[in-house]
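Below is one structure, written out as structure tokens; the observations come after it.
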Amino acid sequence: MRILLAIDSFKGCLTSSEANAAAREGVLRTSPDAEVISLPVSDGGEGWLEAFYAAKRGTFVETTVCNPLMRPIQAKYLVQGNLAIIEIARAVGLTLLYSDERNPLLATSYGVGQLVTDAVYRGCREIIVGLGGSATSDAGYGMIRALRDAFGTALEPFADVHITLGTDVANPLYGPDGAAHVFAPQKGATLAMVEELDCRARAFAEESARLLGYDCSNEIGAGAAGGLGYAFMQYLHAERCSGIDLLLDTVDFDSLLADVSVVITGEGRADRQTLMGKVPMGVLHRARRQHIPVILLAGQVEDKEQLLATGFTDVDCIHPLGLPLSEALRPDVTRCHIADSVSALFPFG
């Protein structure tokens, strides 16, 4: 039996590789002769670098950048030849701040511009950017300021730099479905702050449109990572694509599915948002083309019937009903429950 594991990170708890390792333990407990393939995955947020390193190797480069509150930190990205892989959460991630520091009115994306600057100075002319997990909602203004500080207002070096954005977010920059209204509350914004952030984003987009003669604020994914998607598209002509599809194409996922009996995917929370291009859906679409069953594991499950109707063979909450959240977020508890849940599935068939 050949089993493929492609489980996303359980945010704030386990990395993708750690979740896969726990699932592997569960498989081998009851099916010791099974061949298990573990694939680190990400849709653009946490784990993006880890997933691409597993796929492409390369060299990690570390540089000093500013975190969302302009404090200096060390952040790394991946280089392979003239290609750079950047995970914006390494510079401006929500997890870089204590909960009482989270304030998207103050948080800046300046550090992302510093990462991009370092990659361009090193000669990288292809850049793949994972957009997700940011603490910011500045429409990418901070990033553009950092790039102009390095290269001048015209940003001339970017004429021959091709940037691809990987994200599951399809939202526009501003408005009811924009970055501030949909995502800023998760970053510590109050209702009043959301309105202010939305006004700032609209004003930045209007000013940029007057300056450049075109407007990307309504493009698919402009609202990703607090509007960084917009700034990359508006100022650097970046192309947006599904993060999980980009990764699965890179690892030639369709070939990995050859002779696989079952795929196990997962994430920290599975609900109707899972259907909007997140890791499990990307994995499901590829596996279904080859008529391979896919099992979805999650730390929390809502909208189970809707998920099953999409095509998952099973949708399993790994934690017992009523487990306190503080316990569910413990890495040792989550590892144990992933392994237990998977072992209960096997032998499969």
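Here, each number is a calculation from the coordinates, and none is a lab measurement. The structure presented is a predicted model; accordingly, all values stated were derived computationally and were not measured. Counting neighbours? That spans all protein chains shown, and the Cβs are built from the backbone with ideal geometry, glycine included.
Explain nothing, just the number: dipole magnitude of the chain about its Cα centre with +1 on each Lys and Arg Cβ and -1 on each Asp and Glu Cβ, in debye rounded to the nearest 20.
On the way: 28 positive and 43 negative charges, 83 e Å.
Its charge dipole is roughly 400 debye.
Identify, among Gly226, Gly243, Cys66, the residue whose Cα sits farthest towards the positive end of the charge dipole of region 48-244, taking +1 on the Cβ of Lys and Arg and -1 on the Cβ of Asp and Glu, with the dipole about the Cα centre.
Of the options given, the answer is Cys66.
Among Ala119, Leu296, Ser17, whose Cα lies farthest out toward the positive end of the dipole of the chain, if unit charges sit on the beta carbon of Lys, Arg (+1) and Asp, Glu (-1)?
Ala119
Considering the dipole of the chain built from charges on the beta carbon (Lys and Arg +1, Asp and Glu -1) around the Cα centre, which of Gly268, Gly45, Pro176 is farthest to its positive end?
So the residue we want is Gly45.
Can you tell me which of Ala298, Ala328, Ala205 moves the most in a GNM of the chain? Springs connect C-alpha atoms under 10 Å apart.
Ala328
Net charge around Cys216, counting only other residues with Cβ within less than 12 Å of its Cβ (Lys, Arg = +1; Asp, Glu = -1)?
Numbers: positive: Arg240; negative: Asp215, Glu219, Glu239.
That sum, taken over residues with Cβ under 12 Å, equals -2.
Per residue and in Å³, how big is the convex hull formed by the alpha-carbon atoms of region 48-244? Display every interim value, and only then the final one.
Numbers: hull volume 19.7 nm³, N = 197.
With only Cα atoms used, region 48-244 gives 100 Å³ per residue.
Please give the peptides 337-344, 82-89, 135-142 ranked by average Cβ packing (other Cβ atoms within 10 Å per residue), highest first, as a rough proxy for protection. Mind showing how you got there, number by number?
On the way: 337-344: 20.4, 82-89: 24.8, 135-142: 29.5.
Answer by packing, highest mean first, reads 135-142, 82-89, 337-344.
How do the peptides 91-100, 48-57, 152-161, 110-119 rank, highest first, by the average count of neighbouring beta carbon atoms within 10 Å per residue? The partial results should precede the final answer.
Values: 91-100: 18.1, 48-57: 20.8, 152-161: 12.1, 110-119: 25.9.
Ranking, from highest mean packing down: 110-119, 48-57, 91-100, 152-161.
Compute, for region 48-244, the length of the dipole vector about the Cα centre, with Cβ point charges of +1 (Lys, Arg) and -1 (Asp, Glu) only. Units Debye, rounded to 20.
Here region 48-244 has a charge dipole of around 460 debye.
Dividing the Cα convex hull volume of region 218-349 by residue count, how many Å³ per residue is that?
Dividing the Cα hull volume of region 218-349 by its residues yields 147 Å³.
Quick check: Cα centre of region 31-80 to Cα centre of region 123-188, how many Å?
Distance between centres, Cα-based: 19 Å.
I need the peptides 250-261, 174-185 ranked by packing, meaning the mean over residues of other C-beta atoms within 10 angstrom, with the highest value on top.
Order by mean packing, descending: 174-185, 250-261.
Just how far, in whole angstrom, is region 246-295 from region 200-221 if you go by their alpha carbon centroids?
Answer, in whole Å: 35.
Kyte-Doolittle mean at least -0.5 and Cα extent at least 24 Å along the axis: which DSSP H helices of the chain qualify?
Those that pass (Cα extent of 24 Å or more, hydropathy at least -0.5) are 191-212.
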